[in-house]
Amino acid sequence: MKVVFETSDYSEALIKRGLLEQSGFLVHMDNAGLGSIMPHMSLALGHRLWVPSSDFEDAASLLNDTTLADDVPATDEPIDVCPTCGGWQVTRHRSMLWLPLFFVVDVMMAPIGGRKRVCENCGERFNGATKDLTSPMKIVFVMAALYFVAMGVLALS
């Protein structure tokens, strides 16, 4: 058996192992259960993918050939297309005005993307055509913020 791939990233090792197994290779992964049990140890010990010595050349060439081109979209129909240049490299943004509310509610996570879009090709800023899926959550966040503020006032009295 020979090591065909080595990494400390658990998810990358799982993806490469799945690719090799789907192609018909017999694969052994060192520390396979370690990523879910003790993820901090997977950084120290890493993950190695082993294949039989007779399949090493084919498995190595398969892993080297599986790179996704930068200009290929993940789906056939992109969600947002830039109205200026027609590019599909569009990122979603939410207003920074929501950050104090997230802080008050003690939700320390990035706000889910809103209707604002920015094209990475030309820099055009526009509102997306798709509906903001988080709109119903606005009421929940406001009510939760008011609840926590009221509980803080009651605790101080």
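Have a look at Thr75, Thr66 and point out the one that is within 23 Å of Met1 (Cα to Cα), of a type in the set (Ser, Thr, Tyr) and at pLDDT below 75.
Details: Thr75 fails: within 23 Å of Met1 (Cα to Cα).
Thr66 is the lone residue from the list that is within 23 Å of Met1 (Cα to Cα), of a type in the set (Ser, Thr, Tyr) and at pLDDT below 75.
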(message) Please go through the stretch 1-22 and give me each residue that is open to solvent by 60 Å² or more (accessible area, probe 1.4 Å) and either closer than 10 Å to Ala59 by Cβ or in contact with a Phe, Trp or Tyr (Cβ under 9 Å, 6 or more places away or on another chain) (or both), ordered by number.
(response) Met1, Lys2, Glu12, Arg17
(message) Of everything in the stretch 2-38, what is in contact with a strand residue (DSSP E or B) (Cβ under 8 Å, 6 or more places away or on another chain), assigned to a helix (DSSP H, G or I) and modelled with pLDDT of 90 or more? Give them in sequence order.
(response) Lys16, Arg17, Leu20
(message) Suppose the filter is modelled with pLDDT of 65 or more, more than 30 Å from Val142 (Cβ to Cβ), of a type outside the set (Phe, Trp, Tyr) and touching a Ser or Thr at 6+ places or on another chain (Cβ under 9 Å); does Asp80 pass it?
(response) no
(message) Where the second residue is in a loop (DSSP other than H, G, I, E, B) and open to solvent by less than 70 Å² (accessible area, probe 1.4 Å) and the first is farther than 17 Å from Gly46 by Cα and lies in the stretch 18-31, which pairs have Cβ atoms under 7 Å and are six or more apart or on separate chains?
(response) Leu19/Thr66; Leu20/Val27; Glu21/Val27; Leu26/Pro52
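The values are calculated or read from the model by the stated rules, or taken from the named source; none is laboratory data. Values in this document were obtained by computation on a predicted structure and should not be read as measured data. Glycine gets a Cβ as well: all are built from the backbone with ideal geometry, and neighbour counts include every protein chain shown. Remember, those area values only see protein heavy atoms, side chains included, never the ligands or the DNA or RNA. Shrake-Rupley method; radii C 1.70, N 1.55, O 1.52, S 1.80 Å.
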